[in-house]
Structure formats: C-alpha cells, structure tokens
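The values are calculated or read from the model by the stated rules, or taken from the named source; none is laboratory data. Note that the structure is a prediction, hence the values are computed from the model and not measured. Positions of Cβ are backbone-derived with ideal geometry, glycine not excepted, and every protein chain shown enters the neighbour counts.
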Amino acid sequence: MNHLENVEKIDIDRFREDLISWFRHEQRSLPWREDQDPYKVWVSEIMLQQTRVDTVIPYFLRFMEQFPTIEALADADEDKVLKAWEGLGYYSRARNLQAAVREVKEKYNGVVPDSPKEIAGLKGVGPYTAGAILSIAYGIPEPAVDGNVMRVLSRILLIREDIAKPSSRRIFEEAVRKLISHESPSDFNQALMELGALICTPTSPSCLLCPVRDHCQAFHEGEQNNLPIKAKKKKPKQVRLAAAVAVDGEGRILIRKRSAEGLLANLWELPSVEVHHPIGNARAELEHFYKEAFQAEMKVGEPLGQIQHVFSHLIWDVIVYSAELDGTVAENESLRLVPLEGLAEFALPVPHQKMLALYAARV
C-alpha cells in the first residue's frame, strides 16, 4: 500500500494550522524551550530518549549549570559527565554526546552544524535527533520521527505498519516531509511530539480534546485504540548475581571501574559475580572471584538483602553481602578503596546505589 495516498486525503494546510495553533497555546513550559540554542536542544533530545520529561528536567538544569557550553562539555573529565548523568540510565548516551561535542569543537569551531549530512555524522546522533536539532534550532524542515510521532501519524494517516520495525521509520519520515510546515518546522515537529505526549497517548488517547481530530482517519474509522501496530519485545533475560560491600580495616569500601565497553561502561561499581550454582554457594563464589580478580582475601558475612534492577533487555536479581577484606588491596586507576561518604564523588549506577543503601542502613 502507498501510505502517502493517505496524506493526500487530508487538508494539509488546515492540518498544519490546527496543529501549530494548538501547540502555541498549549505547549508546556520546558527549560530547553526557552531559546533555540542548538546545544541545549541537542542535550535535551539525548536526555529525553527513553526517559520521561519530568525525570529529565532537573537533570537538564544541573547539566547546563555544570556544562553551559559546548566547550565546557568537550573539556570536562568523562567521570564528571557520567556523575552528572548518574541515575538517568543508558549511559552510552552521555559518552556519545561528549565524543560528538568534542568533534563539534575541533571540526566545526564549536558550532553545531546545520547541514543534515554533517550533523548525522556525529556520534550518537541518529535521524530523529538530527531532525530535531535542524528543525527546532535552525528552522530547517527536516522530519524528527520517534515513537511518539509514529504513534500519532499511524492514527492520523491510518498506517498499519509495525512501528517496531526499523524499515517503518522511512514511511513516517516521508509522510512528515509531505506534512511539515516550511514556515514553522520547529513548531510543527514539536507539536507532533507534544500531541503524542499529552493527547494521543499510547493507551486511551484523548480524542475529544485533540486539535486535529477532524483530520484523523483512525478516529473516523474507530481504530484509534488499535494503532499503532507494535510487535512485542522479547522477555528480558534474568541474571542472578552476588555482590559484596567489601570493607577494609579502615572502613573503606572496595569499588572498581567497569570496562570501557558494554553495559554501564566506565561507571564505578561494587564488584559482583554471576551465580550459576544454587544460591547457597554465592559466598564461596564471591570469595573465589575476589581472590582471582583482585588478589584480595576476604570473608563474606551475612546477606544485607536483595535488590532487583530492570534494564531494557535483562533483569538483575542481586543478593548483597557484607564482607571484610583481609590484608591489603593494590589500588589503581580502576580499583579504589573509598570511605562510604566519599562514594558521592563517583558515578555509580542505580543498582549499585541500591546495594550501598542496604549497607548504609546497617552501619
């Protein structure tokens, strides 16, 4: 089916007018909307990937306070950037953002490029982020298609393609190219996003409040609750881990930096080990792991409790133990002994903060 035929079925000029007019009256006051600074738009869009607006606002404000310019972020220590990102999750976003900002500083004299080709070449900048920066900051009529926008347009244009398939994005991008306002591309793209966030929500869309209901083909067919089509994700894999809050004779806790690749890369953690045998063997596995990995003798004590942490693709079930280090541990750049109160200086992912909270509650 040619989905662009459905675009022709609506009055495009009226659709734009109704959508943009609603946005100008009803848009939320958000800190990154105060001006059209491309750097701020960029940071906000990266933070908003897979994260709710309410969660992002305080992070964005603190991040801008610490790294107010491209130069400030480019020159910052990665550890400080990860610390500022702590708790937002998907940490590769922060690392890619800093790498791309450094490229902008070196290659483009600190000015975010306004060419689709150049901006799409930056690390971590996919088609959606590129379109958002180009349209919002520079007024260039480029599509910015994310899940929100695909949901809205699948209803308005009655598109039954599976939005979980990467190939579907092109259909929606082509539709936006036909629909987008060339006079106000910034307001148009933001209006589609805002409509998806406030009115055309994943379940129970508020059709009676929708400013473009008259144009919505799914509403007229009574199909709005059946769209978008989205294949179910695989169930996340469950992993059992054992972790220790291992304390030396001076009350310092052993932490290590994770590798530069993969999940939670370059963040600090309480070392843990996957438990393959019955949970009763977790203590022995931890003691063996510390001896092998850090040449550290330790005695594992009582369980402090259990935590669960859900990632997009896996679930950690962690049993957390108290432990005493016997003898010295050779510290290095990736292995540190730190007092409990000093851990605030290190970027620790949420599951490890939960583990430390179990320990802190007992001290």
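Per-structure values
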{"item": "Qualifying residue in the range 255-272 (condition: in contact with a strand residue (DSSP E or B) (Cβ under 8 Å, 6 or more places away or on another chain), farther than 30 Å from ALA99 by Cα and touching a residue at least 12 places away in the same chain (Cβ under 8 Å))", "result": "no"}
{"item": "Candidate set: the range 321-344, residues that are closer than 11 Å to VAL247 by Cα and charged (D, E, K, R); chosen: the one modelled with the highest pLDDT", "result": "GLU324"}
{"item": "Residue within the range 90-108 that is loosely packed, with under 15 Cβ neighbours inside 10 Å and in a loop (DSSP other than H, G, I, E, B) present", "result": "no"}
{"item": "Segments classed as strands (runs of 3 or more DSSP E), wholly inside the range 281-354, with at least 3 members that are touching a His at 6+ places or on another chain (Cβ under 8 Å)", "result": "314-326"}
{"item": "Selected residue (only one of LYS9, LYS40 is of a type in the set (Lys, Arg) and either buried (at least 19 other Cβ atoms within 10 Å of the Cβ) or not assigned by TED's automatic domain parsing to the domain that holds LEU179 (or both))", "result": "LYS40"}
{"item": "Within the range 195-233, tally of residues that are free of Cβ contacts under 8 Å to residues at least 60 places away in the same chain and farther than 23 Å from ILE10 by Cβ", "result": "3"}
{"item": "Contacts under 6 angstrom Cβ, first residue in the range 143-172 being aromatic (Phe, Trp, Tyr), partner in a loop (DSSP other than H, G, I, E, B) and crowded, with 22+ Cβ neighbours inside 10 Å, 6 or more apart", "result": "PHE172/VAL145"}
{"item": "Residue list for the range 246-262, restricted to those being among the hydrophobic types (A, V, I, L, M, F, W, C), farther than 13 Å from LEU348 by Cα and either within 28 Å of the chain's Cα centre (by Cα) or not assigned by TED's automatic domain parsing to the domain that holds THR328 (or both)", "result": "ALA260"}
{"item": "Qualifying positions in the range 140-162 - in contact with a Gly (Cβ under 7 Å, 6 or more places away or on another chain) and modelled with pLDDT under 95", "result": "ASN148"}
{"item": "Checklist (1) surrounded by fewer than 18 Cβ atoms within 10 Å (Cβ to Cβ); (2) touching a residue at least 40 places away in the same chain (Cβ under 8 Å); (3) part of a helix (DSSP H, G or I); (4) touching a helix residue (DSSP H, G or I) at 6+ places or on another chain (Cβ under 7 Å) applied to LEU61, failing item", "result": "(2)"}
